[in-house]
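What follows is a single structure, written as structure tokens, with notes after it.
What follows draws every value from the coordinates through simple rules; no lab data is involved. Everything numeric here is computed off the predicted structure, so don't read it as measured data. Virtual Cβ from ideal backbone geometry, glycine too; neighbours counted across all protein chains shown.
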């Protein structure tokens with residue numbers, strides 16, 4: 001008795017997928033940590049149809065596993081298997097939607113922020129550590145996550161040449177880690193803003209008697225005058241349509257002799273949309289900027305004083321977060337198995353992207369043009 005049409009389609013998809021994976025040195029059912037274990041035969045058609053979206057969703061649903069998901073994805077990315085599969089209508093629409101609409105308006109930005117950052121401080125506290133700093137750490141000379149995050153915060157303060165009494169605007173302040181560091185170590189007065197209510201509530205609870213204040217607010221609604229502006233892991237949420245307006249707004253808020261630093265994940269190419277899986281499940285509306293996009297939006301009113309790429313440090317940071325949260329899921333059982341698999345895939349696929357240098361981490365320092373100023377001395 002021959003195969004049914006459905007069985008033939010499954011077999012064809014499996015053959016195509018197996019051949020693709022072989023080009024990356026991945027065996028199906030193999031014994032290496034990066035080898036693929038298929039738990040559901042529907043996996044093959046799903047990935048061949050929806051590419052990166054299908055791969056992520058199939059992992060969420062438990063249709064495949066690997067002992068080391070990050071190493072599996074390193075091989076997939078290195079072999080550029082994505083380019084061998086034609087994008088589906090869902091992927092085409094993801095790109096078109098970003099080109100046709102502004103997905104980071106004030107109201108949408110607030111919804112996007114809540115969708116990721118207001119999912120529970122109990123999760124972030126266990127994953128990030130005591131200070132709850134949710135951005136790439138700096139590992140040179142550091143042996144643990146807390147020390148590496150402190151090194152990052154201090155590096156930013158030194159790059160900004162912070163001095164006691166300076167007013168600092170922290171755009172996308174998270175749970176207030178930078179603000180507390182800048183206030184306690186450098187005597188700065190820091191105003192932190194974020195659209196995410198749970199972040200702001202936690203930041204206020206942790207403020208103590210420090211000269212810091214926190215507001216649930218969009219950057220477009222900020223008023224006042226500041227000696228320094230910083231954003232750490234926030235520029236990814238601005239969106240290409242809003243880059244010029246973002247720099248214009250910062251220009252209205254920053255003193256003429258001020259400095260500004262943006263710490264952002266960076267792309268190797270200029271895009272208007274992000275990975276479809278990340279857009280749907282992790283960072284709705286987020287877009288990772290290229291240096292070309294950053295520099296283009298900054299001209300002609302801003303001088304780029306320094307660019308520092310810390311990309312490989314984010315790989316280690318993500319793996320540290322993974323190692324911290326993975327054994328502690330039982331402490332927060334209200335996150336179900338599908339959520340845990342979603343989060344696991346987010347952390348490990350991100351680490352893989354930084355490992356193969358598909359993603360970067362840029363710290364860019366800016367000053368204002370049109371004025372006489374001393375030479376900026378870069379800090380490392």
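Beyond 27 Å, what percent of the Cα pairs of region 166-317 remain? Walk me through the intermediate numbers first.
Values: 2647 of 11476 pairs.
Counting every Cα pair in region 166-317, those more than 27 Å apart make up 23 percent.
Beta carbons within 10 angstrom, averaged per residue: use that to sort the peptides 139-152, 264-277, 45-58, highest first.
Working: 139-152: 17.1, 264-277: 19.3, 45-58: 21.1.
Ranking, from highest mean packing down: 45-58, 264-277, 139-152.
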When only Cα pairs under 8 Å and 6 or more residues apart are kept, what is the percent relative contact order across region 5-86?
32
Can you tell me the 0 to 90 degree angle between the C-alpha axis of helix 69-78 and the longest principal axis of the chain, rounded to 10?
90
Could I have the simple spin-label model distance between residue 95 and residue 295, label points 7 Å from Cα toward Cβ, reported in nm to one decimal?
2.5
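How large is the Rg to Rh ratio of region 1-92 when both quantities use alpha carbon positions and Rh follows Kirkwood?
Working: Rg = 13.0 Å, Rh = 13.5 Å.
Here the Rg-to-Rh quotient is 0.96.
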Which angle from 0 to 90°, rounded to the nearest 10, does the C-alpha axis of helix 177-186 make with the longest principal axis of the chain?
30
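Considering only the chain, what is the antiparallel percent among its DSSP beta bridges, to the nearest 5?
Working: 18 of 40 bridges.
Antiparallel bridges make up about 45 percent of those DSSP assigns within the chain.
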In whole angstrom, how far apart do the alpha carbon centroids of region 323-380 and region 61-126 sit?
14
I'm a student and want to see the number: the projected area of the Cα convex hull of region 98-170, averaged over all directions, in nm².
7.7
Along Cα→Cβ, 7 Å out, is where each label goes; now give me the distance between the ones at residue 380 and residue 68 in nm to one decimal.
2.9
In Å, what Rg and Dmax follow from the Cα atoms of region 266-369?
16.7, 53
Compute the orientation-averaged projected area for the chain from the convex hull of its Cα atoms and round it to one decimal in nm².
20.4
Could I have the simple spin-label model distance between residue 8 and residue 304, label points 7 Å from Cα toward Cβ, reported in nm to one decimal?
5.5
So for each of 329-337, 128-136, 299-307 I average, over its residues, the number of other beta carbons within 10 Å; can you give me the resulting order with the highest mean first?
128-136, 299-307, 329-337
Angle between the Cα long axis of helix 5-23 and the longest principal axis of the chain, 0 to 90 degrees, nearest 10?
50
